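Inspection log for the structure reproduced underneath, given as structure tokens.
The values are calculated or read from the model by the stated rules, or taken from the named source; none is laboratory data. What you see is a predicted model; the values in this text were computed from it and never measured. When we count neighbours, we look across all protein chains shown, and the Cβ atoms used for this are built from the backbone with ideal geometry, even at glycine. Each accessible area value is taken on the protein alone, full model and side chains, heavy atoms only, with ligands, DNA and RNA left out. Shrake-Rupley method; radii C 1.70, N 1.55, O 1.52, S 1.80 Å.
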Amino acid sequence: MPPGFTSTQSNPVVTPVLGLTTYVLQVTDAFGCTDSDQIDVTVNEVPTFTVTNNTNAGTGQICSGSIIDINLTSPTIGAIITLQPVVYGGFVTGGLYAAGGTFANGNTITEGGGLINTSNAPVSIVYTFSVATPDCTNPVTQQATIVVNPSPVLSITNSTPSICSGSAVNVLLNSATSGAVIRITSVNYGSVTGGTLSAGSTFTPGSSITESLINSGNTR
Amino acid sequence: MRYNLEVLANGCTTTGFFTDVIVNPNPTFVASNFAPEICHGDQTSIFFGSATAGHQINVVSVFMVP
């Protein structure tokens, strides 16, 4: 018992501290007779842990094909961090933890081959962790979410691959990727005049490049 | 000429797209008549010239001037 603790209850309640505590109990009856006994109680620590999602500077967002960075730490000696089976869904491939896994303090989950989003929209993957020691389990789980963004796609329909000087080009730009923006990285007009586009010009999917171009020379 | 393009979405970029357009020059030509007046039965002498590469000159009509 803690020093100075007395109780007349047949089942006194105390709050033990971490580690091994020896409780010495002494009983005295109405006649002044005494007896004593002792018991040992070992209180094990409930393990704690921290999940830090360092992926893409902590945003948790990656582009298709990239790796992730989820760091697992625990100050509890002997702690085993368990990853529940990860549901990658039908559009993300390359995941290594569909069956879950176990990790130790300091381990990092990277999905080393990269996660590939085969769809045209972002997909969220949730990693759920728990921690336990051989003696105790922490009932509180923690999660890290990764958003796997698709590689944007572009379709170009050039209905004017060859025009006469003074005519307009008509190039339809489209993308099935949600939120896509199409941007010109460079234009090489050469000796052709009349063009107005330059690097940085942007288009929304479904719009077209249309501009009249002039070839004042005698060759293509 | 060539338009080089990329597409961006959700912080991701795919590069390397392009499309080409050939802008053909409007052909020009000059007709030089070296024999504006000939005798009956003689041949005409009209020279057609064009600086445009790959040109083809077609006679689209011939008519008599009263």
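List of remarks:
- Helix-only CD estimate at 222 nm, as mean residue ellipticity for chain A, using -39500 (n - 2.57) per DSSP H run (n ≥ 4): -500 deg cm²/dmol
- Once backbone amide H atoms are built at 1.01 Å from N, A:Asn107 has A:Leu72 as its partners under 5 Å, excluding neighbours fewer than 5 places away on the same chain.
- Charge dipole (the protein assembly as shown, unit charges on Cβ, about Cα centre) - positive-most of B:Leu8, A:Thr141, B:Phe34: B:Phe34
- Solitary cysteines of chain A, where the nearest other Cys Cβ is not under 4.7 Å: A:Cys33, A:Cys136, A:Cys164
- Shape analysis of chain B based on the Cα gyration tensor places the equivalent ellipsoid semi-axes at 55, 11, 7 Å, largest first.
- Against the criterion of solvent-accessible heavy-atom surface with a 1.4 angstrom probe, B:Phe34, A:Phe103 sort, most first, into B:Phe34, A:Phe103.
- Per residue, the range A:50-149 exposes 47 Å² of accessible surface when a 1.4 Å probe is rolled over the protein heavy atoms with every protein chain present.
- Of the two radii for the range A:130-220, the radius of gyration is 1.45 times the Kirkwood radius, both from the alpha carbons; that is the Rg over Rh value.
- Between amide H atoms placed 1.01 Å from N, distances below 5 Å from A:Gly60 occur with A:Thr55, all of them 5 or more places distant or on a separate chain.
- Test item: Cα-centred dipole of chain A, Lys/Arg +1 and Asp/Glu -1 on Cβ, debye: 1500
- Note on chain A: Cα-Cα pairs beyond 31 Å make up 57% of the total pair count.
- Placing unit charges on each Cβ (+1 for Lys and Arg, -1 for Asp and Glu) gives the protein assembly as shown a dipole about its Cα centre, and among B:Gln56, A:Gly106, A:Ser66 the Cα reaching farthest toward its positive end belongs to B:Gln56.
- Taking amide hydrogens as placed 1.01 Å from N in the peptide plane, the amide H of A:Ser66 sits under 5 Å from those of A:Leu115, each at least 5 positions away in sequence or on another chain.
- Largest first, the three principal axis extents of the alpha carbons in the range A:50-149 are 46, 25, 21 Å in whole numbers.
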